[in-house]
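The values are calculated or read from the model by the stated rules, or taken from the named source; none is laboratory data. In this text the structure is predicted, and so the values were computed from the model without any measurement. Cβ placement follows ideal geometry from the backbone for every residue including glycine, while neighbour counts extend to all protein chains displayed. These area figures cover heavy atoms from the full protein model, side chains too; ligands, DNA and RNA do not enter into them. Shrake-Rupley method; radii C 1.70, N 1.55, O 1.52, S 1.80 Å.
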Amino acid sequence: EAGVTQFPSHSVIEKGQTVTLRCDPISGHDNLYWYRRVMGKEIKFLLHFVKESKQDESGMPNNRFLAERTGGTYSTLKVQPAELEDSGVYFCASSQESNSATDTQYFGPGTRLTVL
Amino acid sequence: DAKTTQPPSMDCAEGRAANLPCNHSTISGNEYVYWYRQIHSQGPQYIIHGLKNNETNEMASLIITEDRKSSTLILPHATLRDTAVYYCIVRAYYNQGGKLIFGQGTELSVKP
């Protein structure tokens, strides 16, 4: 069974440009999460989808970030326009259930974003 | 904010048991203890979780104190590949949609 995949693995862009990150969850997982780690900080939650609906977007830093999950399968996270402080590693995770403290989230390898 | 406290770093000799402590003194009755680890340049990896009983799987054992205010993750025979940052996370049933709240974790170095 394929795990969570993310594309691209690395992205280097200039300040002001737009970048779109993609996440493909494990097949059959309704729940999809985005997290990120910026330099020197902890991994922070960004948002949570249940199928195509946003369940919790309390971690989204500002309106330059837009996440979508059309059709409830893969998800994209767009940063427009990118700023220097957006540099970091963006992780995606998926799980089968969310209304349970025992559903396990499986993480992808992350996308390393560098904004110059 | 994370509800757990972990030592920032630990060393362990290869082949020996690694015992990673975690304090969660404010844990509530419906909150589970989860452990994840992050090996360099990879995504976090699930290890184990528990509520109040000790748990064991193929990767590790989790020992939770009777008062549930602390726990220990045990890697019984640490290998060099276990070098990683280990995160102890407290997570509630119906926890705000299921998000994980990571702290700083413990950086475990397994040495030959």
- Query: Does A:SER27 qualify as being open to solvent by less than 80 Å² (accessible area, probe 1.4 Å) and not aromatic (Phe, Trp, Tyr)?
  - Reply: no
Filtering region B:42-100 for residues that are part of a strand (DSSP E or B), open to solvent by 60 Å² or more (accessible area, probe 1.4 Å) and under 22 Å from A:LYS44 (Cα atoms) leaves a count of 1
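Residue-by-condition table, conditions (1) under 15 Å from the mean Cα position of the chain (by Cα); (2) more than 16 Å from B:THR83 (Cβ to Cβ):
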residue: B:PRO8; (1), (2): yes, no
residue: B:GLU14; (1), (2): no, no
residue: B:ALA17; (1), (2): yes, no
residue: B:ILE27; (1), (2): yes, yes
For region A:47-68, pairs from a residue that is over 15 Å from A:GLN96 (Cα atoms) and assigned to a loop (DSSP other than H, G, I, E, B) to a residue that is at pLDDT 95 or above and of a type in the set (Gly, Ala, Ser), with Cβ under 8 Å and 6 or more apart or across chains, are A:GLU57/A:ALA67; A:MET60/A:ALA67; A:ARG64/A:ALA82
Those residues of region A:70-103 which are within 14 Å of chain B (Cβ to nearest Cβ) and under 15 Å from A:GLN6 (Cα atoms) amount to A:GLY88, A:VAL89, A:TYR90, A:PHE91, A:CYS92, A:ALA93, A:SER94
When every residue in region B:101-111 that is surrounded by fewer than 21 Cβ atoms within 10 Å (Cβ to Cβ) and modelled with pLDDT under 95 is compared, the one nearest to B:ALA13 (Cα to Cα) is B:GLN104
message = Would you confirm whether or not region A:64-72 contains a residue that is modelled with pLDDT under 95 and open to solvent by less than 40 Å² (accessible area, probe 1.4 Å)?
response = yes
